[in-house]
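Read-outs throughout are calculated quantities, based only on the coordinates presented, and are distinct from any laboratory measurement. A quick note: this is a predicted structure, and the numbers were derived from the prediction, not measured. No Cβ is skipped: glycine too gets one built from the backbone with ideal geometry, and neighbour counts run over all protein chains shown.
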Amino acid sequence: MKYISELEKDLDYHFENPQLLIEALTHKSYKQPYNNERLEFLGDAVLDLVIGEYLFTKFPKFDEGKLSKMRASLVNEEGFTKMARHINLGKHILLSNAEENNNGREKPSLLSNAFEAVMGAMYLQVGLSHVEALMHRYLDEIYPVIDMTTLFKDFKTTLQELTQAEFGVTPDYKLVGTSGHDHKKEFEIAVFIQDKEYAKAKGKSKKVAQQEAALIALNILNTGERK
């Protein structure tokens, strides 16, 4: 299949068992006897280990606290979404027509989950060493300079500083919706400035959703596209 061979080039590996990769790309909306949730579970654990080892080796003088913070900033929905987009993973995911029409290929949660699943499939197919090599390459390509500053951008603080300077007020964040099962909830947060809604965003935690909403609001303010 063409979409499989294209992705294999980005993964630098030809799957002997292509069904494993197909399963990793299959969203539950596609209504097959299988989907990528089990491989996502495995991939999450594999990536936690691989990225932890990468940081441990790259920053020999950092203590456990700093290393844990750096890993947490990379092993999350935002970090895996960046990696998924880096290899154009969205165009290869198998979705229902409804999910496709709902811009599913660009959803951070869907991209992040698929990336974890693909890495889980890679681990099962060829072992840890190839996943390590891929992740080292992706991290070096996505983060030419990787340090505490580049990983810990606090968009909420930046937005607050901007709104206080321009309007004399601070942003207000409100939970406007939740979705998903209890063990895998997604939160939707809206950010208001002077009682006007500027942006909405979703995330696996309220904190992540707030940061995403703050970033969107910053872009709106900086481009002058104010409501």
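A few notes on this one:
- Surrounding net charge for F187, when Lys and Arg each add one and Asp and Glu each subtract one, Cβ distance under 13 Å: +3
- Selection among F41, G52, L159 by position relative to the dipole of the chain gives L159 as farthest towards the positive end (Cβ unit charges, Cα centre).
- Charges were assigned to the Cβ only: +1 to each Lys and Arg, -1 to each Asp and Glu. The resulting dipole of region 155-223 about its Cα centre is roughly 320 debye.
- Taking a Cβ cut-off of under 13 Å around S29, the surrounding Lys, Arg, Asp and Glu residues balance to a net charge of +1, with basic ones at +1 and acidic ones at -1.
- Lysine-lysine proximity count for region 155-223, Cα under 23 Å, sequence distance 8 or more or distinct chains: 28
- For region 42-105, the number of Lys pairs with C-alpha atoms closer than 21 Å, counting only pairs eight or more positions apart or on separate chains, is 6.
- The value of relative contact order for the chain, using C-alpha pairs under 8 Å at least six residues apart, is 17 percent.
- Normalised by 2.2 N^0.38 Å, where N is the number of residues, the C-alpha radius of gyration of region 155-223 stands at 1.12.
- A Cβ-based charge dipole, computed about the Cα centre of the chain with Lys and Arg at +1 and Asp and Glu at -1, lands at about 440 debye.
- Plainly put, the chain has a radius of gyration that is 1.00 times its Kirkwood radius, both from alpha-carbon atoms, as the Rg/Rh ratio.
- Leading residue at positive end of dipole, region 2-150 (Cβ point charges), from V131, L20, A98: A98
- Projecting label points 7 angstrom from Cα along Cα→Cβ for F192 and K91 puts them 4.2 nm apart.
- Contact order for region 167-219, expressed relative to its length and based on alpha carbon pairs under 8 Å spaced 6+ residues apart, stands at 28 percent.
- Candidates I216, I51, I22, ranked by Gaussian network fluctuation over the chain, Cα under 10 Å, top entry: I216
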